[in-house]
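To start, the structure under review is shown below, and the notes come after it.
The values are calculated or read from the model by the stated rules, or taken from the named source; none is laboratory data. Remember, it's a predicted structure, so these values are computed and weren't measured experimentally. Using ideal geometry, Cβ is built from the backbone for each residue, glycine included, and neighbour counts are taken over all protein chains shown. Side chains are part of the model used for accessible areas, which takes the heavy atoms of the whole protein and leaves out ligands, DNA and RNA. Shrake-Rupley method; radii C 1.70, N 1.55, O 1.52, S 1.80 Å.
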Amino acid sequence: MHILMTGGTGLIGRRLCVALTAKGHTITVLSRRPQQVKQLCGENVRPMASLDEYYPDSRFDAVINLAGEPIVDARWTARRKQQLRQSRIELTEVLLQKVHQAKVRPQIFLSGSAIGVYGDGGDALLSEQSPAGGDFGAQLCVDWEAAAMRAASLGARTCILRTGLVLDGTGGMLYKMRLPFSLGLGARIGNGRQWMSWVHIEDYVAMTLFLLEHESAAGCFNMVAPEAVTNREFTQSLGKALHRPALFVAPAPMLKIAMGEMSTLLIGGQHVVPAKIQSLGYAFRFPSLLPALTDLLHPSS
Ligand SMILES: NC(=O)c1ccc[n+]([C@@H]2O[C@H](COP(=O)([O-])OP(=O)(O)OC[C@H]3O[C@@H](n4cnc5c(N)ncnc54)[C@H](OP(=O)(O)O)[C@@H]3O)[C@@H](O)[C@H]2O)c1
């Protein structure tokens, strides 16, 4: 297949490029830094600098749409919120205009979202049937999903990837947490009872390939491991995997002051189950957290 990927230079996208190329697919990555695409995504990956290069004659069999400004890099000011929305929703709308105009349209459209769509779910078990939340993060996901679902009316089998906390030893949240935990400064957040629905990057990539290839897969999918943990359990497991006890607590009121509205991402949580992909037969390589962390942090052991 010839696959067009947005966000292909990111943490998840780079891993997907490697896996898809190994399976013999041809990949084109839309990027604001096209000169870096080959270095980041692989020598055989083709860069696309702008969606203006998606011509009516261009032929892509599938699209994987992951682009978006990082959610946690800056305080959610009104300007930042607009950037977070524009980089996802507007980009998806323009992309789908191009799909609409294509003489031969892609048959498959996989598009990003996040488990933040459920808002702070407390202790409720959240499947793909659960209702959306009402905070900014949830609304961002709802609108991004709605924009992407237009692909279905253009004839593409459309899957929405409701992504949990992707664990990767080389980037993302786990990479940022590694140093303080290694120094014995690891801390539980608030009361530690909030749920963290995580997924090993290897499972995430395999799940995405599964959805790409599984002809009956369509609609929303929770992209998380089956065994979510509380923040307290996550903190303990990470301390154990790094052979360092995590004794500290980051108090919720302090995080609210330091991070503003974005602190909901840490103080709240979601207990999400990957009900739909499991019902289609996907088998997890890393269903449990401690083996996943050990694999990522001590790859040779
Ligand atoms: N990683 C997670 O744990 C997680 C969890 C939930 C949801 N997600 C979502 O899944 C998607 C992929 O995640 P990731 O961790 O791989 O993200 P990432 O590492 O931050 O990469 C995102 C990519 O999006 C592109 N991008 C950023 N801002 C853009 C803008 N203003 N306009 C156009 N493109 C822009 C960038 O590509 P260029 O710089 O090449 O243009 C970048 O490579 C994101 O939308 C993210 O929000 C991730």
(request) Would you mind finding the one in ILE108, ILE64 that is in contact (Cβ under 8 Å) with a residue 12 or more places away in the chain, buried (at least 19 other Cβ atoms within 10 Å of the Cβ) and away from the ligand (no atom under 16 Å from the Cβ)? (result) ILE108
(message) among the small types (Gly, Ala, Ser), open to solvent by 30 Å² or more (accessible area, probe 1.4 Å) and either within 19 Å of the chain's Cα centre (by Cα) or more than 15 Å from the ligand (Cβ to nearest atom) (or both): is that true of GLY155 in this structure?
(response) yes
(request) Those residues that are near the ligand (Cβ under 8 Å from one of its atoms) and either at pLDDT below 95 or crowded, with 22+ Cβ neighbours inside 10 Å (or both), I need them from region 15-48; list them, please. (result) VAL29, LEU30, SER31, VAL37
(request) Looking only at region 152-160, decide whether some residue is of a type in the set (Ser, Thr, Tyr), in contact with a strand residue (DSSP E or B) (Cβ under 6 Å, 6 or more places away or on another chain) and under 27 Å from PHE234 (Cβ atoms). (result) no
(message) When you scan region 69-87, do you find a residue that is more than 13 Å from the ligand (Cβ to nearest atom), in contact (Cβ under 8 Å) with a residue 12 or more places away in the chain and under 19 Å from VAL273 (Cα atoms), even just one?
(response) no
(request) Counting only residues that are touching a Pro at 6+ places or on another chain (Cβ under 7 Å), give me the strands (runs of 3 or more DSSP E) lying completely in region 132-229 with at least 1 of them. (result) 219-223
(message) Looking at PRO299, PRO245, PRO253, PRO287 in this structure, which one is touching a residue at least 60 places away in the same chain (Cβ under 8 Å), farther than 20 Å from ILE201 by Cα and open to solvent by 30 Å² or more (accessible area, probe 1.4 Å)?
(response) PRO245
(request) Please state which of the following conditions LEU125 fails to meet, knowing it meets all the rest: (1) touching a residue at least 60 places away in the same chain (Cβ under 8 Å); (2) surrounded by 14 or more Cβ atoms within 10 Å (Cβ to Cβ); (3) under 25 Å from ILE267 (Cβ atoms); (4) more than 12 Å from the ligand (Cβ to nearest atom). (result) (2)
(message) Criterion first (in contact with a strand residue (DSSP E or B) (Cβ under 8 Å, 6 or more places away or on another chain), under 24 Å from VAL142 (Cα atoms) and part of a helix (DSSP H, G or I)) does LEU255 satisfy it?
(response) no
